[in-house]
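Colleague: What follows is a structure written as structure tokens; I'll ask about it next.
The values are calculated or read from the model by the stated rules, or taken from the named source; none is laboratory data. Predicted model, so just to flag it, every value in this text is computed and none were measured. Cβ atoms come from the backbone with ideal geometry, glycine included; neighbour counts cover every protein chain shown. Areas reflect the complete protein model, heavy atoms only, side chains present, ligands, DNA and RNA absent. Shrake-Rupley method; radii C 1.70, N 1.55, O 1.52, S 1.80 Å.
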Amino acid sequence: MAEQKRYGNRSPRPGGGGRRQFFRRKKVCRFCTEKIDDINYKNTSLIGQFISARGKILPRRLTGTCSRHQRKLTVAVKRARNIAMLPFATRA
Amino acid sequence: MAREYEMMFILQPDLAEEETEKIIGQATEWVTSSGGEVVEVEKIGIRKLAYRIDGHRDGFYVLIRLQAEGDTVKQIERRLKVTDPIIKFISVRVDEELKKLAKIKKIREKRDARRKARARPPATAEAG
């Protein structure tokens, strides 16, 4: 998978566009690179890194997770919230 | 065909020790009496809750892994609901997930073995 540099403004316009805002390295899915298959609702340390300070699930465009692992992640977060291991919302 | 489930429940932290033991014993007894089989009981102990549940800030977490039929789990859930000291519980079916994980591991091992096999022959060639 060629290392493709994403333009800052999300949609790489043809012709490269004069005012290039900033380059951002393509984010890679952490679960794929570290070969974590078991996204378990119990290990809150792992899934805790994918929720915001307010307890909300971070979107894929920020974390770079692939869709397969993001789906598993949301299930795990919701189960962890149900068993009070993760907050529903925090008044951060 | 028995399925593998994981049931985790939270007990009130201010419960007397033998009271907690009694309830965990009761839960395992529910499983075995209705044809299920307890694989593992894990007392995780008192942990801080992420949000207050009817007045409690901490809870005594217990995890039970069991093999049982679907309706056995349904009965257990009904009983967990009516047991007062249990403030929250969750039951998760894990056998499909375990199968998937095993399959992925096998595929990965096969790939590594093949990769190692590919990497090794050149070494032996030089040695010869």
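Colleague: Under the condition of being over 20 Å from B:Thr72 (Cβ atoms) and modelled with pLDDT under 90, which residue from the stretch B:28-54 is surrounded by the fewest Cβ atoms within 10 Å (Cβ to Cβ)?
Modeller: Going through the qualifying residues, I end up with B:Asp54.
Colleague: Follow-up. Any residue in the stretch A:58-77 that is under 19 Å from B:Ile53 (Cβ atoms) and surrounded by 13 or more Cβ atoms within 10 Å (Cβ to Cβ)?
Modeller: Yes, the stretch A:58-77 has at least one match.
Colleague: Restricting to the stretch B:68-119, count the residues that are within 10 Å of chain A (Cβ to nearest Cβ) and in contact with a Leu (Cβ under 6 Å, 6 or more places away or on another chain).
Modeller: Result for the stretch B:68-119: 1.
Colleague: Please specify each residue of the stretch B:1-27 satisfying the condition of being open to solvent by 30 Å² or more (accessible area, probe 1.4 Å) and either farther than 30 Å from B:Leu98 by Cβ or among the polar types (S, T, N, Q) (or both).
Modeller: Passing the criteria: B:Gln12, B:Pro13, B:Asp14, B:Leu15, B:Ala16, B:Glu17, B:Glu18, B:Glu19, B:Lys22, B:Gln26.
Colleague: Check B:Leu49 against each of (1) assigned to a helix (DSSP H, G or I); (2) closer than 24 Å to A:Lys42 by Cα; (3) of a type in the set (A, V, I, L, M, F, W, C) and name the one condition it does not meet.
Modeller: All conditions pass for B:Leu49, except number (1).
This table checks each residue for (1) part of a helix (DSSP H, G or I); (2) away from chain B (no Cβ under 13 Å).
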residue: A:Phe31; (1), (2): yes, no
residue: A:Asp37; (1), (2): no, no
residue: A:Ile47; (1), (2): yes, no
residue: A:Ala53; (1), (2): no, yes
residue: A:Arg61; (1), (2): yes, yes
residue: A:Ala76; (1), (2): yes, no
residue: A:Arg79; (1), (2): yes, no
residue: A:Leu86; (1), (2): no, no
residue: A:Thr90; (1), (2): no, no
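Colleague: State yes or no: is B:Ile90 open to solvent by less than 20 Å² (accessible area, probe 1.4 Å) and part of a helix (DSSP H, G or I)?
Modeller: The answer is no for B:Ile90.
Colleague: So for the stretch B:70-85 (the condition being open to solvent by 30 Å² or more (accessible area, probe 1.4 Å), within 14 Å of B:Met8 (Cβ to Cβ) and of a type in the set (Asp, Glu)), does at least one residue qualify?
Modeller: Yes, that holds for at least one residue.
Colleague: Does the stretch B:15-30 hold any residues that are without any contact (Cβ under 8 Å) to a residue 40 or more places away in the chain and among the acidic types (Asp, Glu), and which are they?
Modeller: Within the stretch B:15-30, B:Glu17, B:Glu18, B:Glu21, B:Glu29 qualify.
Colleague: Something else about it: Would you tally the residues in the stretch B:21-46 being in a strand (DSSP E or B) and of a type in the set (Phe, Trp, Tyr)?
Modeller: Qualifying residue count, the stretch B:21-46: 0.
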